[in-house]
1. Inspect the range 36-55 for any residue being buried (at least 17 other Cβ atoms within 10 Å of the Cβ) and assigned to a loop (DSSP other than H, G, I, E, B) and give the result as yes or no.
2. With respect to residue 290, is the statement that it is crowded, with 19+ Cβ neighbours inside 10 Å, outside the structural domain of residue 121 (by TED's automatic domain parsing), out of contact with any Pro (no Cβ under 6 Å at 6 or more places or on another chain) and within 23 Å of residue 231 (Cα to Cα) true?
3. I need a count of the residues in the range 101-134 that are assigned to a helix (DSSP H, G or I), touching a Leu at 6+ places or on another chain (Cβ under 9 Å) and either charged (D, E, K, R) or modelled with pLDDT under 80 (or both).
4. Test residue 67 against the criterion of being surrounded by fewer than 18 Cβ atoms within 10 Å (Cβ to Cβ) and assigned to a helix (DSSP H, G or I), and give yes or no.
5. Within the range 154-164, is there a residue that is at pLDDT 85 or above, among the small types (Gly, Ala, Ser) and either farther than 30 Å from residue 22 by Cα or in the same structural domain as residue 100 (by TED's automatic domain parsing) (or both)?
6. Go through the range 85-102 residue by residue and tally those that are under 30 Å from residue 210 (Cα atoms) and either charged (D, E, K, R) or surrounded by fewer than 22 Cβ atoms within 10 Å (Cβ to Cβ) (or both).
7. Which of the residues spanning the range 266-282 are in contact with a helix residue (DSSP H, G or I) (Cβ under 8 Å, 6 or more places away or on another chain) and either of a type in the set (Ser, Thr, Tyr) or under 27 Å from residue 403 (Cα atoms) (or both)?
8. Exactly one of (1) crowded, with 23+ Cβ neighbours inside 10 Å; (2) touching a Ser or Thr at 6+ places or on another chain (Cβ under 7 Å) is unmet by residue 82. Its number?
Amino acid sequence: MTRSPQLTRMLAIATTVLLLVAAGGLPWLTIHPGVRPAFFQAVVIVSVAFVLGLHLAFVHLELMSAVVLPGVLACAATLGVMGVAGQEIDPANWKYVPLFAGITQLPLAYQFRQRLRVFRHYGPTDRSTWVWVVSILAIALCAIASGNGRSNTSVAVLMIATHLLAAAFILPALAQWLLPSDAIRLPPTLLRVAGSRNFLRRLRALYSYLDIAEEQYVTWKLRLDPIFRSFFAAVPDSAEVLDAGCGCGLMSNGLAMQGPHRLVTGIDFDERKLRVARCAARTVHNVRFVSGDLLTCDFPASDCVLMIDILHYWSADKQSQLVAKAAASLRPGGVIIFREGLNAPSLAHRLIHLAERGAVLLGQNPKGDGLCFQDRAFYLDAFSRNGMALEREATDWGHGSNTVLVLRKAKESS
């Protein structure tokens with residue numbers, strides 16, 4: 001049975017207050033003279049480094065904090081209770097306090113990792129109970145094996161109890177806030193697109209916590225690619241849009257978010273990028289993503305087709321086929337928005353070619369048939385042969401030799 005978000009918040013607040021009250025005994029915690037502070041500090045530093053290293057897998061500061069903070073609060077409560085009870089850090093238990101803290105962080109990290117897997121549409125592995133059992137057994141064995149069994153057993157029980165409280169009530173509330181499952185609101189994030197409008201910030205937020213490589217791609221794409229400053233206004237507000245070669249769905253999701261009356265379909269062959277695109281679209285309901293090879297799959301009838309930076313991965317013959325296919329799927333009066341790096345003996349194009357080679361080597365873009373850039377005349381001829389007329393040419397919608405052609409299909413004569 002799943003708790004409601006309201007009940008989850010109430011339980012989290014109550015548990016936090018309880019643990020903070022318990023942590024209020026910290027001023028009374030004492031260290032036995034037989035424990036050298038330098039050794040104790042060294043062990044604490046090593047334990048903290050271990051915990052932070054454990055959480056580096058979450059990458060984002062927000063996600064790391066969501067796992068570390070409940071554990072820190074639980075440890076503070078444990079030490080506070082020890083202070084109130086007059087149980088000092090003595091030669092028998094000083095090394096076990098940070099050890100127990102490190103062990104109990106493992107199930108917290110695992111539990112949060114499961115929630116993150118669900119958020120990313122991977123599904124949970126459902127082994128968190130076993131992780132807790134193994135961690136508790138490890139703490140019990142450490143306590144029993146120590147010289148002062150009673151003292152260390154009490155520390156172990158306190159550690160287990162406080163971390164169980166944090167895991168049961170505080171961690172789920174933080175997870176629900178950072179990784180919402182209600183498909184209504186965007187996840188909060190510290191990252192912002194510098195100098196952008198609020199719309200681009202919301203578009204960037206769609207991709208928070210999904211895939212670090214795609215997140216970085218989206219962040220820098222929105223910052224550096226000038227097409228996003230003018231592109232969305234060129235697409236009709238009420239239109240069926242096909243995004244051919246949509247990748248992680250940045251343009252598809254942006255069009256759907258900015259125009260709620262648009263119906264957007266994105267097609268790509270890369271399943272990893274499509275999973276990210278679908279996860280990002282959890283709050284956008286007028287977009288769908290289809291897996292398929294552009295050369296062989298069916299294109300839906302559309303009012304607007306996007307062909308942005310995709311054709312140069314195919315040979316010239318295949319590029320002509322894709323142009324014909326896109327034009328055939330377009331309704332009369334429809335528009336194709338096309339961008340490519342136009343082949344020319346210039347430094348601007350050599351830089352574009354070099355950047356594309358790097359993206360292919362890094363695995364960000366497909367290898368395809370190699371990089372087959374064509375010149376402006378080739379594309380204008382290919383579109384003209386398929387009934388498309390040039391309406392606008394925008395050289396400021398891309399860097400280097402990247403040029404945007406806006407082409408329209410003739411309306412049927414009445």
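The values are calculated or read from the model by the stated rules, or taken from the named source; none is laboratory data. What you see is a predicted model; the values in this text were computed from it and never measured. In this analysis, Cβ positions are derived from the backbone assuming ideal geometry, glycine residues included, and neighbour counts consider all displayed protein chains.
1. So far as the range 36-55 goes, no, none of its residues is buried (at least 17 other Cβ atoms within 10 Å of the Cβ) and assigned to a loop (DSSP other than H, G, I, E, B).
2. Working: crowded, with 19+ Cβ neighbours inside 10 Å: no; outside the structural domain of residue 121 (by TED's automatic domain parsing): yes; out of contact with any Pro (no Cβ under 6 Å at 6 or more places or on another chain): yes; within 23 Å of residue 231 (Cα to Cα): yes.
Considered against the rule, which asks whether it is crowded, with 19+ Cβ neighbours inside 10 Å, outside the structural domain of residue 121 (by TED's automatic domain parsing), out of contact with any Pro (no Cβ under 6 Å at 6 or more places or on another chain) and within 23 Å of residue 231 (Cα to Cα), residue 290 comes out as no.
3. Matching residues across the range 101-134 total 5.
4. Details: surrounded by fewer than 18 Cβ atoms within 10 Å (Cβ to Cβ): no; assigned to a helix (DSSP H, G or I): yes.
Judged against the criteria, residue 67 is not a match.
5. Within the range 154-164, one or more residues are at pLDDT 85 or above, among the small types (Gly, Ala, Ser) and either farther than 30 Å from residue 22 by Cα or in the same structural domain as residue 100 (by TED's automatic domain parsing) (or both).
6. Step one: of the range 85-102, the residues under 30 Å from residue 210 (Cα atoms) are 101-102.
In the following step, the residues that additionally are either charged (D, E, K, R) or surrounded by fewer than 22 Cβ atoms within 10 Å (Cβ to Cβ) (or both) were identified as 102.
Number satisfying all stated conditions: 1.
7. Going through the range 266-282, the residues in contact with a helix residue (DSSP H, G or I) (Cβ under 8 Å, 6 or more places away or on another chain) turn out to be 266, 268, 273, 276-277, 279-281.
Within the range 266-282, 266, 268, 273, 277 qualify.
8. Every condition holds for residue 82 apart from (2).
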